Amino acid sequence: MNGGARKKRNLRRYLVAGVLVWLPILATIWAVTFMLRIMDRTLLLLPPSYRPEALVGFSLPGLGAVFALVVLLLTGLLVTNLIGRRLVVWGEELLNRIPVVRTVYGGVKSFAEGVFSQSNAFRKVVMVEYPRAGAWSIGFLTAEDVPEISDKMGEPHVAVYISAALNATAGYSHADAARAQLAKPAA
(Lines give C-alpha, C1' and ligand atoms only; values in the text may rest on other atoms or scores of the structure.)
Protein backbone atom coordinates (compact mmCIF):
# COMPACT_ATOMS: atom_id res chain seq x y z
CA MET A 1 0.00 0.00 0.00
CA ASN A 2 1.44 3.39 -0.93
CA GLY A 3 1.82 6.30 1.48
CA GLY A 4 -0.90 8.44 -0.14
CA ALA A 5 -3.62 5.81 0.28
CA ARG A 6 -2.57 5.21 3.89
CA LYS A 7 -2.74 8.94 4.64
CA LYS A 8 -6.23 9.13 3.11
CA ARG A 9 -7.40 6.16 5.15
CA ASN A 10 -5.96 7.62 8.37
CA LEU A 11 -7.42 11.03 7.60
CA ARG A 12 -10.85 9.46 7.04
CA ARG A 13 -10.53 7.41 10.25
CA TYR A 14 -9.61 10.51 12.27
CA LEU A 15 -12.45 12.49 10.75
CA VAL A 16 -15.02 9.79 11.55
CA ALA A 17 -13.64 9.44 15.09
CA GLY A 18 -13.96 13.19 15.60
CA VAL A 19 -17.53 13.19 14.30
CA LEU A 20 -18.42 10.28 16.60
CA VAL A 21 -17.13 12.25 19.58
CA TRP A 22 -18.54 15.67 18.74
CA LEU A 23 -21.92 14.78 17.21
CA PRO A 24 -23.48 13.40 20.44
CA ILE A 25 -21.99 16.24 22.48
CA LEU A 26 -23.35 18.93 20.15
CA ALA A 27 -26.73 17.19 19.81
CA THR A 28 -27.02 17.03 23.60
CA ILE A 29 -26.10 20.70 23.99
CA TRP A 30 -28.61 21.63 21.28
CA ALA A 31 -31.41 19.54 22.85
CA VAL A 32 -30.81 20.90 26.37
CA THR A 33 -30.59 24.48 25.08
CA PHE A 34 -33.78 23.98 23.06
CA MET A 35 -35.66 22.61 26.09
CA LEU A 36 -34.40 25.40 28.36
CA ARG A 37 -35.51 28.03 25.83
CA ILE A 38 -38.97 26.47 25.68
CA MET A 39 -39.16 26.40 29.48
CA ASP A 40 -37.91 29.99 29.66
CA ARG A 41 -40.85 30.92 27.42
CA THR A 42 -43.15 29.81 30.28
CA LEU A 43 -42.02 32.96 32.09
CA LEU A 44 -44.14 34.90 29.62
CA LEU A 45 -47.14 33.61 31.60
CA LEU A 46 -46.07 35.91 34.44
CA PRO A 47 -47.20 39.52 34.47
CA PRO A 48 -44.49 41.78 32.96
CA SER A 49 -43.67 43.36 36.31
CA TYR A 50 -42.82 39.92 37.83
CA ARG A 51 -40.56 38.69 35.03
CA PRO A 52 -36.81 38.42 35.81
CA GLU A 53 -35.92 41.25 33.41
CA ALA A 54 -38.11 43.63 35.41
CA LEU A 55 -37.01 42.39 38.84
CA VAL A 56 -33.23 42.02 38.41
CA GLY A 57 -32.68 43.95 35.20
CA PHE A 58 -31.48 41.06 33.01
CA SER A 59 -32.60 37.66 31.76
CA LEU A 60 -31.82 34.57 33.87
CA PRO A 61 -31.45 31.56 31.56
CA GLY A 62 -32.84 28.40 33.12
CA LEU A 63 -35.25 30.19 35.44
CA GLY A 64 -38.06 28.95 33.20
CA ALA A 65 -37.14 25.37 34.15
CA VAL A 66 -37.54 26.27 37.82
CA PHE A 67 -40.84 28.02 37.06
CA ALA A 68 -42.07 25.00 35.04
CA LEU A 69 -41.16 22.70 37.95
CA VAL A 70 -43.07 24.91 40.39
CA VAL A 71 -46.10 24.96 38.06
CA LEU A 72 -46.00 21.14 37.81
CA LEU A 73 -45.77 20.77 41.60
CA LEU A 74 -48.64 23.22 42.19
CA THR A 75 -50.74 21.46 39.54
CA GLY A 76 -50.04 18.11 41.21
CA LEU A 77 -51.03 19.57 44.58
CA LEU A 78 -54.24 20.94 43.11
CA VAL A 79 -55.36 17.79 41.27
CA THR A 80 -54.74 15.45 44.21
CA ASN A 81 -57.53 16.98 46.27
CA LEU A 82 -61.27 16.53 45.71
CA ILE A 83 -61.93 19.88 44.03
CA GLY A 84 -58.94 19.48 41.71
CA ARG A 85 -60.01 15.97 40.68
CA ARG A 86 -63.47 17.27 39.83
CA LEU A 87 -61.91 20.04 37.70
CA VAL A 88 -59.80 17.45 35.87
CA VAL A 89 -62.84 15.22 35.23
CA TRP A 90 -64.78 18.23 33.93
CA GLY A 91 -61.86 19.26 31.68
CA GLU A 92 -61.45 15.72 30.32
CA GLU A 93 -65.17 15.50 29.56
CA LEU A 94 -64.85 18.75 27.64
CA LEU A 95 -61.80 17.50 25.69
CA ASN A 96 -63.52 14.19 24.91
CA ARG A 97 -66.20 16.08 22.99
CA ILE A 98 -63.69 17.41 20.44
CA PRO A 99 -62.97 14.70 17.84
CA VAL A 100 -59.25 15.19 17.01
CA VAL A 101 -58.35 16.46 20.47
CA ARG A 102 -60.04 13.42 22.06
CA THR A 103 -57.80 11.04 20.11
CA VAL A 104 -54.55 12.85 20.82
CA TYR A 105 -55.33 13.60 24.46
CA GLY A 106 -56.53 10.06 25.18
CA GLY A 107 -53.45 8.47 23.62
CA VAL A 108 -50.99 10.76 25.38
CA LYS A 109 -52.82 10.38 28.69
CA SER A 110 -52.90 6.57 28.59
CA PHE A 111 -49.22 6.43 27.57
CA ALA A 112 -48.20 8.87 30.34
CA GLU A 113 -50.23 6.97 32.94
CA GLY A 114 -48.59 3.74 31.87
CA VAL A 115 -45.08 5.16 32.01
CA PHE A 116 -45.35 7.32 35.14
CA SER A 117 -47.74 5.30 37.30
CA GLN A 118 -46.62 2.88 39.97
CA SER A 119 -48.19 -0.06 38.14
CA ASN A 120 -46.14 -2.72 36.38
CA ALA A 121 -47.18 -1.44 32.95
CA PHE A 122 -44.17 -0.56 30.76
CA ARG A 123 -41.77 -2.10 33.29
CA LYS A 124 -40.92 -5.28 31.34
CA VAL A 125 -39.47 -5.30 27.85
CA VAL A 126 -40.51 -8.22 25.65
CA MET A 127 -39.98 -9.38 22.09
CA VAL A 128 -42.99 -10.23 19.96
CA GLU A 129 -43.10 -11.85 16.54
CA TYR A 130 -44.54 -8.82 14.75
CA PRO A 131 -45.33 -7.51 12.11
CA ARG A 132 -45.01 -10.97 10.52
CA ALA A 133 -43.60 -14.41 11.27
CA GLY A 134 -39.83 -14.30 11.50
CA ALA A 135 -39.69 -10.54 12.21
CA TRP A 136 -39.34 -9.56 15.87
CA SER A 137 -40.34 -6.28 17.48
CA ILE A 138 -39.56 -4.96 20.94
CA GLY A 139 -42.50 -3.95 23.09
CA PHE A 140 -43.55 -3.27 26.66
CA LEU A 141 -45.61 -5.74 28.66
CA THR A 142 -48.63 -3.79 29.90
CA ALA A 143 -50.71 -6.60 31.45
CA GLU A 144 -49.68 -10.08 32.59
CA ASP A 145 -53.14 -11.50 32.00
CA VAL A 146 -56.08 -10.41 29.86
CA PRO A 147 -58.91 -12.64 31.13
CA GLU A 148 -61.45 -11.73 28.44
CA ILE A 149 -59.10 -12.72 25.62
CA SER A 150 -57.64 -15.69 27.51
CA ASP A 151 -61.14 -17.11 28.07
CA LYS A 152 -62.06 -16.78 24.39
CA MET A 153 -58.76 -18.14 23.08
CA GLY A 154 -58.46 -20.97 25.63
CA GLU A 155 -54.93 -20.09 26.69
CA PRO A 156 -53.31 -17.27 28.70
CA HIS A 157 -52.61 -14.05 26.79
CA VAL A 158 -50.71 -10.91 27.74
CA ALA A 159 -51.03 -7.33 26.55
CA VAL A 160 -47.99 -5.77 24.83
CA TYR A 161 -47.53 -2.17 23.69
CA ILE A 162 -45.55 -1.88 20.45
CA SER A 163 -44.98 1.61 19.10
CA ALA A 164 -45.75 1.51 15.41
CA ALA A 165 -45.93 5.26 14.81
CA LEU A 166 -43.81 6.31 11.85
CA ASN A 167 -42.19 2.89 11.73
CA ALA A 168 -40.65 2.54 8.31
CA THR A 169 -39.20 -0.86 9.24
CA ALA A 170 -42.59 -2.50 9.78
CA GLY A 171 -42.67 -3.81 6.25
CA TYR A 172 -43.55 -7.07 4.61
CA SER A 173 -41.73 -9.09 2.03
CA HIS A 174 -42.97 -8.94 -1.56
CA ALA A 175 -44.15 -12.56 -1.33
CA ASP A 176 -46.25 -11.81 1.78
CA ALA A 177 -47.79 -8.71 0.21
CA ALA A 178 -48.59 -10.49 -3.05
CA ARG A 179 -50.65 -13.20 -1.32
CA ALA A 180 -53.62 -10.99 -0.50
CA GLN A 181 -54.18 -9.31 -3.88
CA LEU A 182 -57.32 -7.48 -2.73
CA ALA A 183 -59.09 -4.96 -4.89
CA LYS A 184 -59.11 -1.39 -3.47
CA PRO A 185 -62.79 -1.41 -2.38
CA ALA A 186 -62.34 -4.72 -0.53
CA ALA A 187 -59.25 -3.48 1.28
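Summary of values
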| read-out | value |
| --- | --- |
| Residue tally, condition in a helix (DSSP H, G or I) and modelled with pLDDT under 75, over the range 137-181 | 7 |
| First in the range 99-111 and under 16 Å from Val88 (Cα atoms) and without any contact (Cβ under 8 Å) to a residue 24 or more places away in the chain, second anywhere and assigned to a helix (DSSP H, G or I) and not acidic (Asp, Glu), Cβ under 9 Å, 6 or more apart | Val101/Leu95; Arg102/Leu95; Tyr105/Leu95; Gly106/Leu95 |
| Output for the range 1-47, where each listed residue is of a type in the set (Ser, Thr, Tyr) and within 30 Å of Gly64 (Cβ to Cβ) | Thr28, Thr33, Thr42 |
| Options Leu11, Leu73; residue that is at pLDDT 90 or above, closer than 30 Å to Ser117 by Cα and surrounded by 10 or more Cβ atoms within 10 Å (Cβ to Cβ) | Leu73 |
| Entirely in the range 41-129, the helices (runs of 4 or more DSSP H) that have 2 or more residues that are among the charged types (D, E, K, R) | 82-95, 99-116 |
| Complete set of residues in the range 1-48 that are of a type in the set (Phe, Trp, Tyr) and either within 30 Å of Leu60 (Cα to Cα) or touching a residue at least 40 places away in the same chain (Cβ under 8 Å) (or both) | Trp22, Trp30, Phe34 |
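The values are calculated or read from the model by the stated rules, or taken from the named source; none is laboratory data. As the structure is a prediction and not an experimental result, all values here were calculated from the model. A quick note on method: Cβ atoms are made from the backbone with ideal geometry, for glycine too, and the neighbour counts reach across all protein chains shown.
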